[in-house]
Structure formats: C-alpha cells, structure tokens
1. What do you get for the angle between helix 2-13 and the principal long axis of the chain? Use alpha-carbon atoms, 0 to 90 degrees, nearest ten.
2. Report ³J(HN,Hα) in whole Hz for each residue of segment 372-380, in order, from the Karplus equation J = 6.51 cos²θ - 1.76 cosθ + 1.60 where θ = phi - 60°; Gly and Pro get x.
3. Rank these residues by their accessible area, most exposed first, probe 1.4 Å: VAL265, VAL85, VAL125.
4. Relative to the longest principal axis of the chain, what angle (0 to 90°, nearest 10) does the C-alpha long axis of helix 82-93 take?
5. Accessible area of SER406, 1.4 Å probe, to the nearest 10 Å²?
6. If you average the alpha carbon positions of segment 222-291 and of segment 421-479, how far apart do those two centres end up, in angstrom?
7. List the lysines whose Cα sits under 22 Å from the Cα of LYS203, skipping any in the same chain fewer than 8 residues away.
8. Arrange the peptides 107-113, 399-405 so that the one whose residues have, on average, the most other Cβ atoms within 10 Å appears first.
Amino acid sequence: MHQITKRLQAIVKVAVRIFFVLGASGDLAKKKTFPALFNLFRQGFLHPDEVHIFGYARTKISDDELRNRIRGYLINDKNASPEHVEKLSKFLELIKYVSGSYDSEEGFRLLDKEISEHELSKNSVEGTSRRLFYLALPPSVYPSVCKMIRNFCMNRSDLGGWTRIVVEKPFGKDLESAEQLSTQIGELFEEPQIYRIDHYLGKELVQNLLVLRFANRFFLPLWNRDNIDNVQIVFREDFGTDGRGGYFDEYGIIRDIIQNHLLQVFCLVAMEKPVSLKPEHIRDEKVKVLQSVLPIKDEEVVLGQYEGYRDDPTVPDQSNTPTFATLVLRIHNERWEGVPFVLKAGKALNSRKAEIRVQFKDVPGDIYKCKKQGRNEFVIRLQPSEAMYMKLTVKQPGLEMSTAQSELDLSYVQRYQGVTIPEAYERLILDTIRGDQQHFVRRDELKAAWEIFTPLLHRIDDGEMKPLPYQPGSRGPAEADELLAKAGYVQTHGYKKKTKTTLNPHQATRQECASA
Ligand SMILES: NC(=O)C1=CN([C@@H]2O[C@H](COP(=O)(O)OP(=O)(O)OC[C@H]3O[C@@H](n4cnc5c(N)ncnc54)[C@H](OP(=O)(O)O)[C@@H]3O)[C@@H](O)[C@H]2O)C=CC1
Ligand SMILES: O=C1O[C@H](COP(=O)(O)O)[C@@H](O)[C@H](O)[C@H]1O
C-alpha cells in the first residue's frame, strides 16, 4: 500500500522537464536548438518552474560562457523590447553547462547527478523527470552517446516520466550504414523513444500539404496521372557550403538535401490518403509510396559542382562531390505511372527558394488556343514568403476577347497579417514533448529512402558519375534544364507573377484596364 502511494505521489508530482542539448558548443545548437527552446519558453510552452536545460559538449566552458555564446541568436535589433529582454534573462538562467566526452562514463554520471539534484530541488521524486536528449552532434558519435544515455541518464520508468532522444540527419551514408546505425540505436531505445528529425517536416507549408490534398474537393479528382503532367520539388540556395565544406564534402547535395528534405516533401505530395491522421497511419502511406519508386536511371540524373567549391581548404582538391543535382523519380502505381517527379537541389545558385510545382496537362479540345499561354500550374512556395498560387488562363480584361495567364494567389504575408509563422524546429521540439511522432521519420521509412538513392550514391562515390561545373550565382548546369524539358515540363514564356499592391481590388482592376 505504502509503495503504491509512493508511486502515485511520484506520478502526480512528475512535471519536471529536462532538455539536454548534446553538442551545445556547435553550430546547430546555437542557430536552431536554443532559439527554438527560447521561442517555446517565450510563448509559455515551457514553464520556468518545470523546465531545466543542460548543454553538454567536450569544450570546456562555464555556464555563463555558453549563455553568452547563444545570447546573440536569441535577440536582435527588431526584437529587443523590455519584455523580450526580461524573458531572455529568465530563459538563460535555466541553462547549465556540463563538459564531458561522448564516450566515457564520467561526464554522463555527472549529468545524471545534476539531474537528480535538480529533481530534488523542484520537490520532485528522483528519477521521475521527463528527459529529452537532443543530439546536435555528428552522427559518428550517436552510438556511443546513446549507450551513455541508456546506461547512466535514463528516467526510472516505473516511477513515471520518460526518456526520448532526438537525432539529426544525416542518418547514415547509405542503406547499409543507416541500417547499422538504426540497429545500434534500436538496441538501446524503443522506436517510440526515437525522434529522427527532418526540419522540413516542421515547415508551415509542408505541414499544410495533407490538409490541402485531402480536405479540398478541388484537388481530390485532379491529383493523378490523368491530369498532372509532371511535378517539380526544388531547393535552391544562393550561398555555397559557407564554412561547412568539410562536412558537406563527405555527404554531398543528395545526402544533405534530396534523400531527406525533398524526399519527405515528395512523400506528402504523392502518398495515398491515410486511414486516419494517426502518426502510424500517415507513416505507413509514406513507406508505401517510397517502396513504389522505380530505380533511378543514370540518364535521368544531372550532377553539378560550383566553380570555386574546391577552394575551401577543408575540401579535397579532386573532390567529386556534387553541390547540385537534378534527378527524376518515377512511381510504379495506379495514381502516378508515367508522371515524372523532378527533384532538384543546389548550392550557390541564383536564388534561395524551396517550392513544389505541379504542372497540369494541356486542355483537351483547346478552343481558346490557350496552349500557347502555358499550362495550369499549382505552386506551393515553402520559402521564402510562404505562398501558394495557381497559374491559370483567364480572359484578358478589356474590350478584346483575348486570353492571358494570371494567378489565384494565397500569399501568407497578405492573407495572415500579424500571424507569426513558427520556426520548423520550434514546432518539432514541441511535438517531441507531446510525444507526437507524425512529423518524424520512422525506421522503415528511412530504410526505404536509402534504398532509392544508395545505388546512385555508390556510383558517384566510385567516380563513375561526375558532376558538371557551373558558375556560382547561375541556375546550375544547363543540362538540368534540358532534363526537365525532356521530362515534360513546359516553361511558360512571358508570364510574370504579379505581386499584390495595397490598392483595393476595384482600383487595381481599373488601373490594369487603363494600361491594357
Ligand atoms: N548546422 C546546421 O545548420 C545543421 C546541422 N544538422 C545536423 O546537426 C548535427 C550537428 O550539426 P552542427 O552543429 O552543424 O555540427 P558541429 O560540427 O558544429 O558539431 C557540433 C558539436 O559536436 C562536437 N563535435 C564536432 N565534431 C566532432 C567529432 N568528430 N567527434 C565528436 N564530437 C564532435 C563539437 O563539440 P565539442 O568539441 O565541444 O564536443 C561541436 O561543437 C549534425 O548531425 C548535422 O548534420 C542538420 C541540419 C542543419
Ligand atoms: O539540413 C540542411 O538544411 C539547410 C537548409 O535549411 P533551410 O530551412 O534554410 O532551407 C541547408 O543549408 C544545409 O546544408 C542542410 O544541412
């Protein structure tokens, strides 16, 4: 009886949440992890009486030195109100730093001792806190870190609480290494404790994809091979490897962006309707569509490397690593047979943009000769300036009966004025606290993703496929545009999307008519 009461007390009291940012001295921690935690704190999702944050890394610094390193990423000129400053100083007080290695008991025992002290100081029962370990670390140290957590830092599950780990991409380098990593981690933690984060799944418009597809009658009958000619999923950055050349050269653009971020978006665009919104039902459908992807053909791949990439001292002089790739995925199923999905990603290009472009087939029985105007397209811009718009043919306003391309435009900045769109990491960290794995990658999903790309990656690693040089600031190799055209994409010439003015719609129409 006494034992039961004690357990009940523990469960009732258990509210303490502890975040561990392992690799706290690194780039991701300061730019993304701590800012996301701060934003959650500011908005009241993390309560100062319940939460504590530990940074952990080998670098020998004090609590204050860590706080000073991250402070600049939590405040800026536009956001320095007295209220913000006060919240920031309260948040920084919650952070402590422990230094230790990633493969020895000492540091992790010290961490556990600190947690116990904290639990007791919060009048909670030792071992009962909810512990979230964020591995902001190179994947090479995941196995040893997970072992240390398992051996020395777990909550006592029979007393309540939980332990979860968040692991960052890249999860492995190919099918074999990813499976090996999954097995190593899987021997230490159950799948529901493992959160494989892909921050593209936390982006507002990526989260909107299933809503768009399955909550709108418009799209249900159109979303298939009968109506859609081709789909592009594009990521462009207008800067190079930016001090991360050493990391990047080991992975390349396919492992850095396409195998994870773009493939996740691809799944949401192409998968079938899940049985329900339960995370497992959604992830089941993602796995199915990945398993239906046909082997990638060499002639449907264009690789590039920007000129100057190898000037980075951390990049080998003979590097064969692509910084750009365009490739075609084809799905062998009833919905998508014959529809090319063109995935394109590149660094040091002419703009920074991520978008999905669904191009529809030509109108049959084209009495308006609108084929020459260009095809209908549905574009979902993930960033910058979230938007979705449909390019369509309309009557040109005026006395003449002529047609023109125009757009139905939902730009978030205009439609949702004053609404702050949360950062991807913020949303995903909140999911980990809530125990919602919908927007995280399941082990079998990861395996299916690597199955698609491993043969191609091995041919590139072996030097059998070579990247073409391209000018920084360009669109990438011209061959990529040729591949796109071969895949069936028809460029609309002479159309430019109109940005909205502040005029009311009536005035705008009159002005356009006047100038027409
Ligand atoms: N930076 C980014 O924008 C993004 C990063 N990621 C992923 O997040 C993870 C962390 O990335 P990032 O912060 O950039 O990485 P860093 O290179 O900055 O490494 C993070 C920390 O890990 C420790 N570390 C670095 N190299 C080693 C090593 N060889 N062995 C042991 N410890 C090491 C260092 O801490 P110390 O020496 O103090 O122990 C370092 O501060 C990676 O998996 C990366 O792929 C994912 C998306 C974006
Ligand atoms: O994971 C990564 O993503 C970033 C791009 O993220 P975004 O949210 O700014 O689009 C990329 O720069 C980096 O190379 C890659 O590792």
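1. 40 degrees
2. Here the 3J(HN,Hα) series is 5, 6, x, 8, 5, 9, 10, 10, 10 Hz.
3. VAL85, VAL125, VAL265
4. Its long axis makes an angle of about 50 degrees.
5. The accessible area comes out at roughly 40 Å².
6. For segment 222-291 versus segment 421-479, the Cα centre distance is 7 Å.
7. Answer for LYS203, where 22 Å is the Cα cut-off: LYS30, LYS31, LYS32, LYS169, LYS273, LYS278, LYS286, LYS344, LYS347, LYS353, listed by chain and number.
8. Final packing ranking: 107-113, 399-405.
The values are calculated or read from the model by the stated rules, or taken from the named source; none is laboratory data. This is a predicted model, so every value here is computed, not measured. Here the Cβ is made from the backbone with ideal geometry for all residues, glycine too, and neighbour counts use every protein chain on show. The protein model used for the area step is the full one, side chains on, heavy atoms only, and it has no ligands, DNA or RNA in it. Shrake-Rupley method; radii C 1.70, N 1.55, O 1.52, S 1.80 Å.
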